[in-house]
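Engineer: What follows is a single structure, and I will ask about it in a moment.
The values are calculated or read from the model by the stated rules, or taken from the named source; none is laboratory data. The model shown is predicted, which means the values in this text are computed figures rather than measured ones. Glycine also receives a Cβ, built like all others from the backbone with ideal geometry; neighbour counts cover every protein chain displayed. Note: accessible area is taken over every heavy atom of the protein model, side chains too, but ligands, DNA and RNA are not part of it. Shrake-Rupley method; radii C 1.70, N 1.55, O 1.52, S 1.80 Å.
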Amino acid sequence: MNPHPDPASFRAAAARFPTGVTVVASIDRDGTPVGMTANSFTTVSTKPPTVLVSVMRGRTWQAIMDSKRYAVNVLHAEDLALCAHFSGRPQAESSPSLVNREEFPVLSQAIAQFACDVVRSIDVADHTLFIGEVRWCRQRDGSPLAFYSSRFCNGLGMTIEPAEAVAYPADGWAI
Ligand SMILES: Cc1cc2nc3c(=O)[nH]c(=O)nc-3n(C[C@H](O)[C@H](O)[C@H](O)COP(=O)(O)O)c2cc1C
């Protein structure tokens, strides 16, 4: 069996990969919207539009397993309280913020929303990868909340080069 890095080394290296921060939300069996902060969100394909999120077993996991659908809400830099609320530190002012839009639970403050039907789920270690086909999505301008090196940052930063300069195909996999 191959050796593994110790958990601290793995976490430190993984923290060098900057991500946005999302709230992944679903509807539980009682019809209650539930959500959790997640930075494992990624796009998978554009044809058809497909995303994935890696979810540890818990309340939101159970709701996604039951309903076979979820919404991904990309957080604005000013919404750190929502990030805390949905990662297990409930903030009273954030509680009512998930609203139903076209049968998916969304945060109106989000700078992007993706409504997804689960097309595949893959158990890996203590997580499940939920692969979702995007039924609809919306976006608005705004600075994203970013997570890097165990810090939350205002994710807009300085543009170094527009993406076209890196020459990926305009209609290819990249977003
Ligand atoms: C920045 C950040 C990113 C996180 N990303 C994930 C993730 O991708 N997957 C996951 O399972 N938990 C992630 N978590 C932890 C969950 O948000 C947390 O365990 C939450 O309470 C789970 O909710 P639930 O199990 O009650 O639905 C993250 C937490 C933070 C603060």
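Engineer: If you place +1 on the Cβ of every Lys and Arg and -1 on the Cβ of every Asp and Glu, how big does the dipole about the Cα centre of the range 20-156 come out, in debye to the nearest 20?
Structural biologist: 200 debye
Engineer: OK, next. Accessible area of the range 20-156 with a 1.4 Å probe: how many percent of it is carbon plus sulfur?
Structural biologist: Of the solvent-accessible surface of the range 20-156, carbon and sulfur hold 52 percent.
Engineer: Give the range of the longest stretch in the chain that excludes all trypsin sites (Lys or Arg not before Pro) found in loop regions by DSSP and having at most 15 other beta-carbon atoms within 10 Å.
Structural biologist: That gives 69-139 as the longest site-free run.
Engineer: If you bin every alpha carbon distance in the range 20-156 into 5 Å steps from zero, what whole percent lands in each bin?
Structural biologist: 2, 11, 22, 25, 22, 13, 5, 0, 0
Engineer: Any idea of the accessible area per residue across the chain, 1.4 Å probe, to the nearest Å²?
Structural biologist: Heavy-atom SASA per residue in the chain reads 62 Å².
Engineer: Let me ask something else about it. Okay, helix-only estimate at 222 nm for the chain: each DSSP H run of n ≥ 4 adds -39500 (n - 2.57), divide by all residues, round to 500 deg cm²/dmol; what do you get?
Structural biologist: Helices in the chain give a 222 nm mean residue ellipticity of -3500 deg cm²/dmol.
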